[in-house]
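The structure under discussion appears below in the form of structure tokens.
The values are calculated or read from the model by the stated rules, or taken from the named source; none is laboratory data. Keep in mind it's a predicted model, so treat the numbers as computed, not measured. Cβ: placed from backbone, ideal geometry, glycine included. Neighbour counts: every protein chain shown.
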Amino acid sequence: INTVKSPDISREKSSALYETAKGYFPGGVNSPVRAFKSVFGSPLFIEKGDGCFVWDADGNKFIDFCCSWGPLILGHNNPVVKEHVLKAIDNGMSFGAPTALENDLASLILSNNKKIEKIRFVSSGTEAVMSAIRLARGYTKRDKILKFDGCYHGHVDSLLVKAGSGLVTFGETSSAGVPQSFAEETVVIPLNDKDAVRAAFEQFKDQIAAIIIEGIPANNGLLIQDKDFVHFLRDITKENGSLLIFDEVITGFRLGFEGAAAYYDVNPDIITYGKIIGGGMPVGAYGASAEIMGNISPEGSVYQAGTLSGNPVAMSAGIGQLSQLLKPGFYEELLSKTAGFVSDIQEFADQRGYAFKIFTIGSLFWFAFTDKDIKTAAAIDASSMQYFKVFHRELLNRGIYIGPSGYEVGFVSAAHSQAELESAKKAIFDSLDIVFL
Ligand code: PLP
């Protein structure tokens, strides 16, 4: 493919910062996805964000479609969220004792999201998922978890497991340091495949504590599942005395206030949240019926705790953010704006006959260099990522920031105005022309 480059933006300061960071952090980063492993150059160090823009250390300005990997549904430095954070900080940062702010955020969520009755706040999505898994095991008194190939649920030991070679397989660990015995408690199967789910329940009869699935799998491409498949998961878990866990760390409060559960019109047993719920501060949460949540300590025997859980500054940020999402028309506007943006790009690519497809739902999108409909991890052609690599560089050079991996989704926020989406489209068209030249 064409590798003729336009002149690169200046990256001198970012490169120097990265050299320094490599002396401090493994690989120079504090989370691997930030490293530019599969794209050109080294990570851009971001200095500030405002609305839909970010500025890097070299003063380059970008329209940002990464949005901190999802939390910033209102864009950077939203004035109301910021005001909430500042107000909370005035009173101190952490007490390790309950505050009214925890009640306020819980009330805001539970009175507007009928998919759960009780909630527990934690500090990250990973923690939420890890706790949900423990809760499912404690509640069902079973050990095995069924997960799908291509779903990411944070760096929870028992979920850092990838598919083996059969239809229904015990997982193989996907990270060093995860004991094989943990992986043996995780069954990994392909997405959107009812037969594989049935086979798993036959093979591990009365052993499966829960099925966990991302609300919409959005960590390995955007693998939108058939509604029928999701309802099938609800039914088969019920029939077998297993729980259904929806990991809505990305989709929660993004597809709508009740997330993918409402989109699919399904009632999962446990739902995990993160990202948006904290307005950019470190927050996660999990929720379920009062009956299931009654198993969590100190009410029940499933232990789960956290020094900074329900942190007042983070709770306040969450209140500032979620209260704005409840304004009438908020989601309708965000969704229609995203739909218009995506369909214009798709139309451009189609007119030129480019093998380029945008998968989209809500305000999520995934740029894929393919002409196929993709619903499973196995259907993604790894060699197509070479196109993404060029595309990514050309986008950066034209002031568009997206995650540095072709497997990652992009996010449109309420702060992306029509004018900015128009200029982003132009940059995307030009970048596509260069990729396919
Ligand atoms: N679950 C899903 C669906 C995610 O997308 C992520 C993170 O991207 C996590 C869990 C882990 O969340 P965190 O990175 O906050 O630990």
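Structural remarks
- Of the criteria (1) modelled with pLDDT under 95; (2) among the small types (G, A, S); (3) under 22 Å from V230 (Cα atoms), which one S174 fails: (3)
- Odd one out for G166 among (1) assigned to a loop (DSSP other than H, G, I, E, B); (2) within 20 Å of A136 (Cβ to Cβ); (3) without any contact (Cβ under 8 Å) to a residue 12 or more places away in the chain: (2)
- Residue match in the range 48-59 (condition: part of a loop (DSSP other than H, G, I, E, B), surrounded by fewer than 17 Cβ atoms within 10 Å (Cβ to Cβ) and not assigned by TED's automatic domain parsing to the domain that holds N219): yes
- Residue ID - modelled with the highest pLDDT, chosen from residues in the range 137-165 that are within 16 Å of the ligand (Cβ to nearest atom), more than 23 Å from K375 (Cα to Cα) and surrounded by 21 or more Cβ atoms within 10 Å (Cβ to Cβ): V156
- G75 vs. criteria in contact with a His (Cβ under 9 Å, 6 or more places away or on another chain) and crowded, with 18+ Cβ neighbours inside 10 Å: yes
- Tally, over the range 185-230, of residues that are among the hydrophobic types (A, V, I, L, M, F, W, C) and assigned to a loop (DSSP other than H, G, I, E, B): 7
- Filter result for Q324 (at pLDDT 95 or above and not in a loop (DSSP other than H, G, I, E, B)): yes
- Looking at D350, D265, just one residue is in a loop (DSSP other than H, G, I, E, B), surrounded by fewer than 16 Cβ atoms within 10 Å (Cβ to Cβ) and away from the ligand (no atom under 13 Å from the Cβ), and that residue is D265.
- Number of residues in the range 173-186 that are surrounded by 17 or more Cβ atoms within 10 Å (Cβ to Cβ) and under 24 Å from T376 (Cα atoms) equals 4.
- Candidate set: the range 281-314, residues that are within 16 Å of the ligand (Cβ to nearest atom) and not in a loop (DSSP other than H, G, I, E, B); chosen: the one surrounded by the most Cβ atoms within 10 Å (Cβ to Cβ): Y286
- Residue within the range 77-91 that is within 17 Å of L395 (Cα to Cα), among the β-branched types (V, I, T) and touching a residue at least 24 places away in the same chain (Cβ under 8 Å) present: no
- Search result, residues across the range 361-383 that are part of a helix (DSSP H, G or I) and either in the same structural domain as I224 (by TED's automatic domain parsing) or surrounded by fewer than 16 Cβ atoms within 10 Å (Cβ to Cβ) (or both): A378, A382, S383
- Of the listed requirements (1) crowded, with 24+ Cβ neighbours inside 10 Å; (2) near the ligand (Cβ under 9 Å from one of its atoms), I277 misses just one: (2).
- Tally of residues being more than 12 Å from the ligand (Cβ to nearest atom) and out of contact with any Phe, Trp or Tyr (no Cβ under 6 Å at 6 or more places or on another chain) across the range 206-222: 6
- Top-ranked residue of the range 94-108 - restricted to ones that are among the hydrophobic types (A, V, I, L, M, F, W, C) and within 27 Å of the chain's Cα centre (by Cα), ranked as nearest to G278 (Cα to Cα): L105
- Complete set of residues in the range 231-256 that are outside any loop (DSSP other than H, G, I, E, B) and near the ligand (Cβ under 10 Å from one of its atoms): F246, D247
- When the range 414-423 is filtered for residues that are surrounded by fewer than 23 Cβ atoms within 10 Å (Cβ to Cβ) and touching a residue at least 24 places away in the same chain (Cβ under 8 Å), the ones remaining, listed by number, are A414, A415, S417, Q418, E420, L421, S423.
- Residue count, the range 103-133 (criterion: away from the ligand (no atom under 15 Å from the Cβ) and either over 18 Å from P282 (Cα atoms) or among the hydrophobic types (A, V, I, L, M, F, W, C) (or both)): 15
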